[in-house]
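What follows is a single structure, written as structure tokens, with notes after it.
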Amino acid sequence: MASLTIRKLDEHVKTYLRLRSATNGRSVEEEVRVILGELIQGRPELPGASISSAEAPAQAPRPVSTSSARNVTLIIGGGIAAFKSLELIRRLKERHIDVRCVLTKAAQQFVTPLSASALSHERVYTDLFDPGSEFDAGHIRLARECDLIIVAPATADLMAKMAQGHADDLASAILLAADRPILLAPAMNPLMWNNAATRRNVLQLRRDGVQMIGPNAGEMAESNEAGVGRMSEAVEIAAAAVDILRPPQPRPLAGKRVLITAGPTHEPIDPVRYIANRSSGKQGFAIAVAAQAAGADVTLVSGPVDLHDPAGVTVIRVESARDMLHRVQAALPADIAIFAAAVADWRVANEGEQKLKKTSAGMPPLQLVENPDILATISKLTDKRPPLVIGFAAETEHLIDNAKAKIARKGCDWIVANDVSPATGVMGGDRNTVHLLTRDGDDIGVESWPVMTKEQVATELVAKIAKSVEKNS
Ligand SMILES: Cc1cc2nc3c(=O)[nH]c(=O)nc-3n(C[C@H](O)[C@H](O)[C@H](O)COP(=O)(O)O)c2cc1C
């Protein structure tokens, strides 16, 4: 299992984690654990999706339905941010989500049922003991006949009631009877948010499987104070709702380990100079993203590139071809290996220990030696050879013939051949024209794909891989 070094994360991710962990009174590591736990909630097909029984929600929410109609029960609590919930109704409806509103008694001090009803085009519910809706246990229907329950603003009081399992008004009764995902948008004064009682309740609710968005840092509407406690903006809450409501994506590579290389290698001449090539790493990174989205456990060994680590992918940064080979070998076993890196064929044999100086003797001779061939080395392994090994062939002439020869010479299973002559703009560009060569015994099939973005090439390639994995399983 790969380990995650928080120190190596992007600055903006670290800032977010620090803020969020401070807000929640947890260590950064604990926060990452909670975030990962939230992420895999309801995705039991993911490897490692099980949550320890001590932290598992007592009753897991029913998965979101796959039908296209989306319904949200929006509970509006008694906070000053309730006015933003009226905008939230509009934002949800813009996204074709039907909204039924429940207003607590306190919420009605801030917004009227009439406004919520006019915006949602639905009846608004306020009373647990309403004979008009409770003749058939209306609160249970409001809890169940929806795909998601949003509480915005989630006041300190409402969260305390939820954490304790109260059911003495319509909102708390719905929340206690719910078997649907619940999204809270907390909003309160920073002192209330940081109060030990609220901290306990937030922790309890997270452990119960309740999801949260915000609160954000900023100025408080009702006072001259600032801090963490502002309700997330309506668009942020609507986007989070859409994410939760999105039907689960097919994950055909779930449980598979995919190893990918990307980018160029830098072969040192001396401590400051190196030999490199124009590879941007975009194609390999795009494949890593597509494989991760398909459910694979992805390790990406990348040469020096100017690209962010894709979310959910274990990224190992290397410099030279030899580093890359070592890290690839260390990352085995894998079910699928995709070698998209443009590895330098040669390195400098007589690498200078100090910076080479201009001398009257003229240019120092550079002796080149061949680098290890990563694709061939891994393809020819007898013990840990991945069942599917895919190489890339970057050619400037006789593309298909050279790629066919490469597949035989290297011993890999597939080759993605691309023309990298300068006129194509492939090296460093965003588009690619590839031919997929697949070996079946002595036969080599060739499929020529139209010009596509590198992301589209990645998606297609991963779809082909998924098909092949399915066929061979
Ligand atoms: C002007 C005013 C603003 C308030 N704003 C908030 C708030 O933003 N967040 C909060 O948790 N409570 C706030 N309160 C306190 C709640 O209204 C109070 O705790 C209420 O019982 C919450 O009701 P609920 O459980 O129906 O949300 C505010 C009270 C007043 C008078």
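Only the coordinates and a few stated rules stand behind these numbers; no lab work does. These numbers come from a predicted model, not from an experiment. Every residue, glycine as well, gets a Cβ built from its backbone with ideal geometry; the counts of neighbours run over all protein chains shown.
Ranked by Cβ crowding within 10 angstrom, fewest neighbours first, how are 105, 357 ordered?
Listing 105, 357 from fewest to most nearby Cβ atoms yields 357, 105.
With loop defined by DSSP as not H, G, I, E or B, and exposure as at most 10 other Cβ atoms within 10 Å, which is the longest segment of the chain clear of exposed chymotrypsin sites (Phe, Trp or Tyr not before Pro)? Mind dumping the intermediate values first?
Details: sites that count: 129, 135.
Longest gap between qualifying sites, sites excluded: 136-473.
With labels modelled as points extended 7 Å from the Cα through the Cβ direction, what inter-label distance (nm, one decimal) is found for residue 317 paired with residue 179?
4.9
Hey, what angle do you get for helix 196-207 against the long axis of the chain, alpha-carbon based, 0 to 90 degrees rounded to 10?
Computed tilt is about 60 degrees.
Return the long-range amide H neighbours of residue 72 (sequence gap of 5 or more, or a different chain), with a cut-off of under 5 Å between placed amide H atoms.
Those qualifying (amide H under 5 Å, at least 5 residues apart or on another chain) are 98, 99, 100, 147.
Enter the angle in degrees (range 0 to 90, nearest 10) between the Cα long axis of helix 282-293 and the first principal axis of the Cα atoms of the chain, meaning the one along which they spread out most.
40
Given R₀ = 41 Å, FRET efficiency for residue 87-residue 471 by Cβ-Cβ distance, to 0.05?
Values: r = 50 Å, r/R0 = 1.22.
Efficiency for this residue pair is about 0.25.
Rounded to the nearest 0.05, what FRET efficiency do residue 380 and residue 360 have when you use their Cβ-Cβ distance and R0 = 51 Å?
On the way: r = 48 Å, r/R0 = 0.94.
The pair residue 380/residue 360 has a calculated efficiency of 0.60.
So what's the back-of-envelope 222 nm ellipticity for the chain, counting only DSSP H runs of four-plus at -39500 (n - 2.57) apiece and dividing by all residues, rounded to 500? Please list the in-between numbers first.
Details: 16 runs with 165 residues, N = 473.
For the chain, the value works out to -10500 deg cm²/dmol.
Any idea what angle helix 321-331 forms with the longest principal axis of the chain, computed on alpha-carbon atoms, 0 to 90 degrees, nearest 10?
50
Let me know the Rg and Dmax you get for the chain when you use only its Cα atoms, in Å.
When restricted to Cα atoms, the chain yields Rg and Dmax of 28.0, 101 Å.
With only alpha-carbon pairs counted, each pair once and no self-pairs, how large is the Kirkwood hydrodynamic radius of the range 69-245 in angstroms? Mind showing how you got there, number by number?
Numbers: mean 1/r = 0.0630 Å⁻¹.
One over the average 1/r among Cα pairs gives 15.9 Å for the range 69-245.
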